[in-house]
Amino acid sequence: MVEDQRCREKRQRQTVYGMDPQNLLEITNLTKRYRIGDADVLALDAVNLVISRGEMLAITGPSGSGKSTLMNILGCLDTADSGSYRLAGEDVSKLAGDQLAAIRNRRIGFVFQNFNLLPRLSALENVELPLLYASRHDAKAQARAALTTVGLADRTHHEPNQLSGGQRQRVAIARALVTDPAIILADEPTGNLDSHVGHDILDLFHRLNQAGSTIIIVTHDHEVARHCRREVQLRDGRIVAEVQHAPHHQTSTTKETTAAA
């Protein structure tokens, strides 16, 4: 009853803020510039994007397209120069550093190409870390449950050097899952894996998505992107096209985005 009331209050707040409750993430006119030497680089140019709850989305583009900058802003690792970013109804674009850190810990689960596991900790201890930072007393039980979800219940006490590349990435995914985040943000999650193991990891993402997780995969690999139902393509800091991928690699449809000159 209390949880239902909280959900209703959350939906009411999102409606007041002008955000569709089904939209988990909304960015509007997001712009980011970097100063590199004497050059002023426009990394993101008035980007607009809406991601619904339960989506599995790919963000693709060549080097220099702005996808890494967009990923960093979506993950609250960086902030835009202008524009707005709402996550679960909250405008995070104006938050300070400590507040952004709290958002990252509670609402965003990260999966990296290089796994980013601490080498001297066991799989269980690596997965526990986000909960320990949040002073959760159920950290060990939740970490065991997350490792079970990714198929590593029998590897809890193994250190990273005792695991294969695919198993290390599964530990990283369990660590991303353990806080029950609003979004799982994966940066080239199959980049250091062979094609067979990479497919296994993508199948795991599919299962997590079918269970309700919202997943954003940032990749340059269009084969990986085709595993997502929607692909957003960036070039020169702008979204230039969106591709709807049908299940099992059936015919896909592309909608080009006309950008102002």
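The values are calculated or read from the model by the stated rules, or taken from the named source; none is laboratory data. Treat the numbers as computed from the prediction; the structure is a model and nothing was measured. Virtual Cβ from ideal backbone geometry, glycine too; neighbours counted across all protein chains shown. We work out accessible area using only protein heavy atoms, side chains counted, and drop any ligands, DNA or RNA first. Shrake-Rupley method; radii C 1.70, N 1.55, O 1.52, S 1.80 Å.
Computed values, structure above
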{"read-out": "Given (1) in contact with a strand residue (DSSP E or B) (Cβ under 8 Å, 6 or more places away or on another chain); (2) over 30 Å from residue 211 (Cα atoms); (3) modelled with pLDDT under 90, index of the condition residue 46 fails", "value": "(3)"}
{"read-out": "In segment 74-94, the residues that are touching a helix residue (DSSP H, G or I) at 6+ places or on another chain (Cβ under 6 Å), farther than 16 Å from residue 238 by Cα and touching a residue at least 40 places away in the same chain (Cβ under 8 Å)", "value": "78, 89"}
{"read-out": "Qualifying residue in segment 83-99 (condition: under 17 Å from the mean Cα position of the chain (by Cα) and within 26 Å of residue 165 (Cα to Cα))", "value": "no"}
{"read-out": "Test set (1) closer than 27 Å to residue 55 by Cβ; (2) over 15 Å from the mean Cα position of the chain (by Cα); (3) not basic (Lys, Arg) - residue 123 fails condition number", "value": "(1)"}
{"read-out": "Counted residues, segment 156-178 - those being assigned to a helix (DSSP H, G or I) and open to solvent by less than 40 Å² (accessible area, probe 1.4 Å)", "value": "11"}
{"read-out": "All positions within segment 95-118 that are in contact (Cβ under 8 Å) with a residue 60 or more places away in the chain, within 13 Å of residue 77 (Cα to Cα) and of a type in the set (Val, Ile, Thr)", "value": "108"}
